[in-house]
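Please read the structure below before turning to the comments.
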Amino acid sequence: MPTRVFINIIQARSLPVMDRATGLCDAYVKPVLKGVNFEPKETQISRKTLNPVWNEQFKCDVTDDCLLQDEPLQFRLFDYDVLSADDIIGTVYVHCNSLYEAGELLPAGGGGQKDKARRRQIQGWFPVYDTMRGICGELQLTIYIQHIMDFNPVEDSAVGVKVLSSSVPPENYFVSELFGLVDELLVEDDPEYNWQDSFRSSRSSNDARQLLFLVMDGKLRRQIGRKVTDSGGNALLAYQTHFDLEDNFIVARGIGTCVCLSPILPYTSAPGLPVPPETSAVARSY
């Protein structure tokens, strides 16, 4: 379904020294999503500080939500240079899968608009990572989405499917129907063995492989989530992902248990009848 993405790039902290003369850096952030243009394109330059503050708003329109479920949002931090090309500080990768998993499973009683809005956003501090230097500080972000239309012409997304690594249902939910195991397999060429390695830097090669891992993970969750939807379920329990390096290929495998989760409704007894004790954890786990 068409989706509008809103991003607030707030601030960063503990960035590395990029200018040896001043012992500081001139940082700015550029959000990136494959095939999508952001408005504006990048933040203002925060000069001469290792703890820059921007607090700037960005937005973009995505015609197919499958893109947001497959591709991670990238936030690339650069150090501005006057006489040479801007140096990369690091990148923050954020997957939006959780924004599509929420919404459908509300607390018993339905929840209000405030609960729905809270579950439709991602916020917090995220590590700035560079494949050559490791962690290079943190970036504070807020990301939330708005569905423009409740329509998906491709019908290949997995909106509303809750993917859980735990084998126990969430609090106030129980397994009303069990459908069995579902799995999915993806195979992609390993960029480490690509002919372009002869021409590109080690950082570019490492970045290409890291991004491929994230994209494969997103595709795996979406495709296995689609199988859950086709089976009549709304959640995946005990979900596991495994990556294998086989010759010149990267193999990703995902497996979990397809179930239908239903809320535990508040008990209302007839006048004069005793109220039964609260449902035990054992009963709730199944």
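This table checks each residue for (1) outside any helix (DSSP H, G or I); (2) open to solvent by 30 Å² or more (accessible area, probe 1.4 Å); (3) in contact with a Pro (Cβ under 7 Å, 6 or more places away or on another chain); (4) aromatic (Phe, Trp, Tyr).
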| site | (1), (2), (3), (4) |
| --- | --- |
| 167 | yes, yes, no, no |
| 175 | yes, no, yes, no |
| 207 | no, yes, no, no |
| 214 | no, yes, yes, no |
| 222 | no, no, no, no |
| 261 | yes, no, yes, no |
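Picking from 253, 226, which residue would you name as being open to solvent by 50 Å² or more (accessible area, probe 1.4 Å) and under 22 Å from residue 177 (Cβ atoms)?
So the residue among 253, 226 that is open to solvent by 50 Å² or more (accessible area, probe 1.4 Å) and under 22 Å from residue 177 (Cβ atoms) is 226.
Take segment 29-40 and flag every residue that is open to solvent by 20 Å² or more (accessible area, probe 1.4 Å), part of a strand (DSSP E or B) and either more than 17 Å from residue 137 (Cβ to Cβ) or in contact with a Ser or Thr (Cβ under 6 Å, 6 or more places away or on another chain) (or both).
So the first thing to find is which residues in segment 29-40 are open to solvent by 20 Å² or more (accessible area, probe 1.4 Å), and the list is 30, 32, 34-37, 39-40.
Narrowing further to those that are part of a strand (DSSP E or B): 30, 32, 36, 39.
Passing the criteria: 32, 36, 39.
When only residues in segment 14-28 that are among the small types (Gly, Ala, Ser) and on the phi < 0 side of the Ramachandran plot count, which is surrounded by the fewest Cβ atoms within 10 Å (Cβ to Cβ)? Spell out how you get there, then give the answer.
At the first step, the residues of segment 14-28 found to be among the small types (Gly, Ala, Ser) are 14, 21, 23, 27.
From what is left, the residues that are on the phi < 0 side of the Ramachandran plot are 21, 27.
Numbers: 21: 5, 27: 28.
Across segment 14-28, the extreme among qualifying residues is 21.
Applying the selection to segment 41-53, what residues are open to solvent by less than 20 Å² (accessible area, probe 1.4 Å) and farther than 21 Å from residue 125 by Cα?
Within segment 41-53, none qualify.
Any residue in segment 73-97 that is assigned to a strand (DSSP E or B) sitting within a Cβ distance under 7 Å of a residue that is among the basic types (Lys, Arg)? List the pairs, counting only those 6 or more apart or interchain.
As it stands, the answer is 76/30; 78/30; 88/76; 91/76, since those pairs meet every condition given.
Which residue pairs have Cβ atoms closer than 6 Å, lie 6 or more positions apart in sequence or on different chains, and pair a first residue in segment 33-61 that is farther than 30 Å from residue 20 by Cα with a second residue that is open to solvent by 90 Å² or more (accessible area, probe 1.4 Å) and part of a strand (DSSP E or B)?
59/39
Give the residues of segment 122-148 that are open to solvent by 30 Å² or more (accessible area, probe 1.4 Å), at pLDDT 85 or above and in a strand (DSSP E or B), sorted by residue number.
Across segment 122-148, the qualifying residues are 123, 125, 126, 127, 129, 135, 138, 140, 144.
The values are calculated or read from the model by the stated rules, or taken from the named source; none is laboratory data. Everything quoted here is computed from the prediction, not taken from an experiment. Neighbour counts run over all protein chains shown; Cβ positions are idealised from the backbone, glycine included. Surface accessibility is based on the protein's heavy atoms, side chains included, excluding ligands, DNA and RNA. Shrake-Rupley method; radii C 1.70, N 1.55, O 1.52, S 1.80 Å.
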